[in-house]
Amino acid sequence: MQIKPLTPTIGAEIQGVNLGDASRDEALFAQIKTALLKHRVIFLRNQDITRAEHVAFARRFGELEDHPVAGSDPDHPGLVLIYRSEKRENYENNYHSDGLWRQTPAMGCVLRCIECPSVGGDTVWVNMVEAYRNLPQEIKDRIDPLSARSSIEHSFGAIMPAQARRQLADQYPPAEHPVVRIHPETGEKVLNVCSFTTHFVNYHTPGNVRFGLDKTPGASQLLNYLLSQASIPEYQVRFQWQPNSVAIWDNRSTQHYAVMDYWPATRKMERAAIIGDRPY
């Protein structure tokens, strides 16, 4: 197995590995997981594997989750088919951590390209450990004790009829998570807000608010500042897809952005997301 880092801060390409083999080989899987924890997102080319092998490999990390809006392949539960062949509203082309609106956001994902444009349709990943590490100390001091809410209602639910949107929110109520989470395997601090995040829940304290202006727009300005950190190029890696390319990412320490610049071309991806833990 050869590992080639793609940037100094995030991303590596792995060669000489077949994920079908890794789904059956514990030692090989362990090497891949070690690389994942180090590089946060890893890429493999020429992975001509079956859907069953895709799911079996992802399940090495843990049980898979369904998506309440996208749904899963009925023959392979947990394998979400993200097929884009028309221009429409979607929520992939913003910086996000998958399922931050869940009480237990995804641990990670295994995404395989089935069909892609000849040019365009790249995906960007961001190292949110580095994003936190480089914040000014005064900002770290302000956000370390904060929690924030993230919601599916204002994102996926926004284009639904009102009754369907409310039902979605009832099924998946807003989740409250720390603004700075601890990675459960590495112990690193991670900036843990994204485009699903709506507001801080414990900002309005005497230490933060002198006048109403400090609360609104003060809290919103701070949240927007934190959200903007994902757009810094020094924390990013950009991947150009080819059929049978695979990306595996640690969703606990990264965000990603699917670039929507390819319509009217078609882009077909298949994703297995692994159930994660509750951030702390």
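The residues in the range 235-251 that are assigned by TED's automatic domain parsing to the domain that holds residue 34 and either over 16 Å from residue 43 (Cα atoms) or of a type in the set (Ser, Thr, Tyr) (or both) can be counted, and the count is 1.
Taking the stated definitions as given, is residue 118 hydroxyl-bearing (Ser, Thr, Tyr) and within 19 Å of residue 230 (Cα to Cα)? Criteria not met by residue 118.
In the range 235-244, the condition of being within 30 Å of residue 119 (Cβ to Cβ), modelled with pLDDT of 95 or more, among the aliphatic types (A, V, I, L, M) and touching a Ser or Thr at 6+ places or on another chain (Cβ under 9 Å) is met by at least one residue.
Matching residues to (1) more than 15 Å from residue 98 (Cα to Cα); (2) without any contact (Cβ under 8 Å) to a residue 60 or more places away in the chain; (3) part of a loop (DSSP other than H, G, I, E, B):
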residue	(1), (2), (3)
185	yes, no, yes
214	yes, yes, no
234	yes, no, no
238	yes, no, no
247	no, no, no
256	no, no, no
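The values are calculated or read from the model by the stated rules, or taken from the named source; none is laboratory data. Since this is a predicted model, take the numbers as computed values, not measurements. Here the Cβ is made from the backbone with ideal geometry for all residues, glycine too, and neighbour counts use every protein chain on show.
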